[in-house]
Structure formats: structure tokens, C-alpha cells
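The values are calculated or read from the model by the stated rules, or taken from the named source; none is laboratory data. Small disclaimer: the values here were computed from a predicted structure and weren't measured. Using ideal geometry, Cβ is built from the backbone for each residue, glycine included, and neighbour counts are taken over all protein chains shown.
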Amino acid sequence: MLGAKGALTIALFTWATGCAHSWTEERDRPTCLVLSAGGPTGLAHIGALEAVHDEHLPVDCITGTSMGALVGSLFATAPEEPLRQRYVRLLDAYRAESQREAARNAMLGGAVGAVIAGVVTGGSATLPLLVGAAAGAVAAAEATRPLSYPRFARVLAAYEERQVIESLTLPFVTFFQQRQGTGLALVVARSGPVAQAVSRSIANPFIFADFDPVNAGYVDPGGDRLLAVPVEETCRAFPRARLLAINASGQASVWSAKMNCPVLEVNVGAPAAPAAALAGNNEAFAQIVARGYEATRFALQADRRR
């Protein structure tokens, strides 16, 4: 349950849209969900979408940045499937692919180690043979990172069945930043492969140690205050919509005076979820999903009472 601070935030953001009545009563507008960045805390979006379902609120469009893009895409590509299980199955697929890759790398590492040992010993001494085999094993372990960007992007593309954004039954938009000259430009992904756009939105070198934004030319936009909770860009993409913004970013959302969509913001609040929650099969995962659920139901019910 949100405390008084969370309730005050909800009231302020609803009032800031200039509406004379509650966000809930804006029923003539389509409802668009805005899912923020937030790393592991962004798993709260799963609970938020479960709460939206239980509150019988129709979802007409969905946007997201970073973790919000990932969760939003899982929902948009299969809106009839239980979202929590869909995320868990994605992580299961990633773990299975990691194990296959580790096995391939171990075989390759063993072969490399044998070659090293053969060169060092001329095919005889036992100790150098063990040293060579160990060198191969180390190389194999280095090659199989526990969290690999190209592996995750590959698994996501297969899992989402290589669907394209413009063919989805539920309109979906995501965002990433792309190199332009010596700076970065915003890309609003409204067409093309879903998984490719989402992979670029989650491309964070602090999460994926093997991702190099300089070589790739694109990066997760979550560090930009305007894009961490992409309210304004969502209103630009869907100008008639009322926006339900789920903020798991840990910072206040911002937008300009030009943004005129009604907004109800749900602030998931502190503390940040631990990285272990990303595994999808532990108590940390269950707790952050529950926080998103409770905060969203509280916000929707509080707005109805206004």
C-alpha cells in the first residue's frame, strides 16, 4: 500500500493536467500505459499491468523505455497471455540458451586447451597439459557471460516470434537514443521488428558488460530525464490518449507545458529492487511485482473516489 507521499503524488499529477474531474472519468479517451525505465525495479510494471487487468481498465496503447520497453513488448506481443508467466518463460529460454552456449564454449575451450598443451609439451608432460586445459576452460568461461547483450537480444527475437511493431493488435511504441554526429538523437520506434527496437531500448552497458554503445551507435535512453518516464513522447505519439504512467525510475517524471494529455502517475517508490529479481523465480521478483500491483490499484481506486 502506498503511503501519504504516494497518494499526494498521484493527486498532484492528476491535477496538473488541468482536468476539472478525475482521470478515471476521461472515458472518451483511449487509455495508454507509459512504462518507465528502472532496471530491476521496472519489474513492477508486471504487477501494474496485472492490477490494470483486475480493475477492468482497457488498454488501447502502450509505450515504454528500457525495462518498461521489455515488459511492454511482452504484453503487446501476446496481450491474452499471463504476463508474469510470459516473463518467467523468457528468462527460462535465456537460461537454456546460456547453458547451450556454455557447453559449446566448453567444448571449444577444451580443444583450445589441448592445442596449447600440445604446443607447450610436444605431446608429453602431464602438468603442462593440465595448464593448457585450464587455460581453455578459462577462455570458455570468459566467452559465456552470465548476462550477455547479444545472447539476450537473440533470445528475445525468437521468443517474440520476430513480430513487427506495425502488425501488433495493440499499438506499441518504444524509444532509444542513436548516435548523430558527436551527440545522440532520439529514435521513436513505431515500426520494424519489436525485439530489435526493444533490444536497443534496453542496451545499457552498466547491465550488459559486453555491450559497447560506441561501437553499436545506440543506447538505452533511460538516463535522459524526459525519457526515463516518456510521458511527453507518448502524448506526442498518441495525442488523444489519457496516460497511466508507471514510474519505477526512482526520480520525478518531467514534461513540458506543451504536453496536454491527462496523466495519472503511479510512483512505485523506494527501495530499488535487487538485481536478483531479474531472474524471475525468487522472492525478490515476487515482491517487486507485488509493489507494482498494489501501487497501481491504490492509484486507480483513489482517483475514482475524487
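Tell me, please, whether a residue that is surrounded by 14 or more Cβ atoms within 10 Å (Cβ to Cβ), modelled with pLDDT under 95 and either assigned to a loop (DSSP other than H, G, I, E, B) or outside the structural domain of residue 174 (by TED's automatic domain parsing) (or both) can be found in the stretch 230-243. No, the stretch 230-243 has no match at all.
Any residue that is in the same structural domain as residue 54 (by TED's automatic domain parsing), among the acidic types (Asp, Glu) and in contact with a Phe, Trp or Tyr (Cβ under 6 Å, 6 or more places away or on another chain) - is there at least one of those in the stretch 255-266? Yes - at least one qualifying residue is present in the stretch 255-266.
For the stretch 79-91, taking the residues that are assigned to a helix (DSSP H, G or I) and touching a residue at least 60 places away in the same chain (Cβ under 8 Å), the one that is nearest to residue 158 (Cα to Cα) is identified as 90. Taking the numbered list (1) closer than 26 Å to residue 158 by Cα; (2) in contact (Cβ under 8 Å) with a residue 60 or more places away in the chain in turn, residue 265 passes all entries but (1).
Tell me the residue from 62, 46 that is within 25 Å of residue 191 (Cα to Cα) and touching a Cys at 6+ places or on another chain (Cβ under 8 Å), please. The conditions single out 62. Does residue 177 satisfy the criteria of being surrounded by 21 or more Cβ atoms within 10 Å (Cβ to Cβ), farther than 12 Å from residue 64 by Cβ, modelled with pLDDT of 95 or more and under 17 Å from the mean Cα position of the chain (by Cα)? So residue 177 passes the test.
Within the stretch 44-77, the set of residues being within 23 Å of residue 291 (Cα to Cα) and in a loop (DSSP other than H, G, I, E, B) comprises 55, 56, 57, 58, 59, 65, 66.
Residue under question is residue 303, and the condition is that it be out of contact with any His (no Cβ under 7 Å at 6 or more places or on another chain), farther than 20 Å from residue 22 by Cα and of a type in the set (Asp, Glu); does it hold? It is false that residue 303 is out of contact with any His (no Cβ under 7 Å at 6 or more places or on another chain), farther than 20 Å from residue 22 by Cα and of a type in the set (Asp, Glu). Would you please name the residue that is surrounded by the most Cβ atoms within 10 Å (Cβ to Cβ), looking only at residues in the stretch 248-306 that are within 17 Å of residue 33 (Cβ to Cβ), within 18 Å of the chain's Cα centre (by Cα) and hydrophobic (A, V, I, L, M, F, W, C)? The residue in question is 248.
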